[in-house]
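Please treat every number below as a calculation from the coordinates, not as lab data. These numbers were taken from a predicted model, which means no experiment stands behind them. Note that we place each Cβ from the backbone using ideal geometry, even for glycine, and neighbour counts take in every protein chain shown.
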Amino acid sequence: MDVDPRFLRTFAAVARLRSFSAAARELGYTQSAVSQHIAALEADLGTALLHRRPVAPTEAGTRLLEHGGAILLRLDAARADVMRVATGPPTRLAVGATPLSARVAARAVAAARNALPPLEASLRIGTREAIATAVATGELDAGIVDGIAAVNDPLRLPETGLPAAEVAEEELAFALPPDHPLLGRGNRVRGARLEDLVDARWIDAPAVTAPLADLAMLARADGFRAALVYDGQDVAGLLALVEAGQGLALLPEKVVATGVPLASPRLVHRTELLRGGGAAALVGITAP
C-alpha cells in the first residue's frame with residue numbers, strides 16, 4: 001500500500017465531518033477534488049472506505065482511521081520538528097498543562113520569562129492527549145501533563161515521538177467527604193486499598209484525574225461505577241463535589257484536604273514534561 005498522505009488527510013476530514021462538502025471547505029479543496037481523493041484511496045486499497053448516504057466510515061474505513069490518525073500526527077510532528085530547526089531566537093513561549101499540573105506550569109512559565117525577558121508567554125489548560133498533540137505539532141512549545149500510573153511507567157499518550165524530558169512522581173490519596181466512614185478507622189495512616197473501594201460512590205472526572213475505566217484496569221477489577229460525572233477541568237470544583245458528599249476521587253495527596261492514602265496497588269501520580277521547540281528548553285517541572 002502506497003497511500004498519499006493528502007488523500008489520507010482528506011479521508012480523515014470527511015469521516016470526521018460526515019460531509020464531502022464540509023471537508024472541502026475545511027481543507028480548501030473543491031468538492032470534486034475531495035471525491036477524487038477518496039476514490040483514489042479506495043482504488044489503492046481495493047475496498048470502500050465510506051458509505052455515501054449518509055456519509056460514514058465502512059468497517060474498513062474505521063480500521064484505516066485507527067491507523068491514519070497516528071500516521072498523520074507523526075507526519076505533522078516531523079514537519080514541526082524540521083521547522084523548529086529553521087527558526088531564529090524564540091520570541092514567544094506557549095505552554096500547555098493538564099488541570100492538576102497547572103500550578104507547576106505557571107511556575108515554570110514565570111521562571112522561563114525571568115530567564116529570558118521579553119518573551120510573550122501563554123498558558124493553555126487541556127487534556128493530556130490534546131496538550132501532547134499540540135506540543136508535537138508545534139502549536140505549543142512545551143507541555144506539562146499528568147496522570148495515574150504504576151511506578152516508573154510512562155503515561156499513555158498519543159504516538160508523537162516526543163519523549164518525556166523530565167518526570168516527577170508523587171503519592172496518591174482518596175479524596176473523601178468529611179463524614180466518610182473510612183476516616184474513622186485509623187486509615188489516615190494505614191491507607192486504603194483501591195480494590196476495596198470498587199463498589200464505592202465515585203465521581204468520574206476524566207479531564208482532571210484518571211477515568212474510572214482506567215482505574216478498573218489498574219486495579220484489575222470490575223465494578224467501578226460513577227455516582228456522578230464531572231465534565232469540567234476545575235480541580236477546586238471536583239474537590240467541592242467530594243466535600244458535598246457526591247462521591248470520592250483518587251488524586252495527588254498534596255491536593256487532598258480530607259482523605260486517606262492509597263495503600264495498594266502501587267500507583268503514583270506521574271507528571272511529565274514534553275518539550276518541543278522555541279523557548280521550551282527554559283521550561284522545567286521543578287521550577288521554584
Checklist entry - Any idea which of (1) without any contact (Cβ under 8 Å) to a residue 24 or more places away in the chain; (2) among the aliphatic types (A, V, I, L, M); (3) touching a Lys or Arg at 6+ places or on another chain (Cβ under 8 Å) is the one ALA94 doesn't satisfy? => result (1)
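Just one of LEU194, LEU215 is surrounded by 13 or more Cβ atoms within 10 Å (Cβ to Cβ), on the phi < 0 side of the Ramachandran plot and in contact with a Ser or Thr (Cβ under 8 Å, 6 or more places away or on another chain); which is it? If you could, list the steps in order and put the result at the bottom.
Numbers: LEU215 fails: in contact with a Ser or Thr (Cβ under 8 Å, 6 or more places away or on another chain).
Testing whether each residue is surrounded by 13 or more Cβ atoms within 10 Å (Cβ to Cβ), on the phi < 0 side of the Ramachandran plot and in contact with a Ser or Thr (Cβ under 8 Å, 6 or more places away or on another chain) leaves just LEU194.
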Item to check | Near pairs, Cβ below 6 angstrom, 6+ apart or cross-chain, from the range 10-39 (more than 13 Å from PRO54 (Cβ to Cβ)) to any residue that is buried (at least 18 other Cβ atoms within 10 Å of the Cβ) and hydroxyl-bearing (Ser, Thr, Tyr) | outcome: VAL34/THR10; HIS37/THR10
Next on the checklist: Restricting to the range 153-211, count the residues that are under 30 Å from GLY276 (Cα atoms) and β-branched (Val, Ile, Thr).
Outcome noted: 4
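Tell me which residues, restricted to the range 157-182, are part of a helix (DSSP H, G or I) and surrounded by 17 or more Cβ atoms within 10 Å (Cβ to Cβ).
Of all residues in the range 157-182, those part of a helix (DSSP H, G or I) come to 181-182.
Hit for the range 157-182 is LEU182, nothing else.
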Next on the checklist: Could you check the range 147-188 and list, in sequence order, the residues that are among the charged types (D, E, K, R) and more than 20 Å from GLY126 (Cβ to Cβ)?
Outcome noted: ASP153, GLU169, GLU170, GLU171, ASP179, ARG185, ARG188
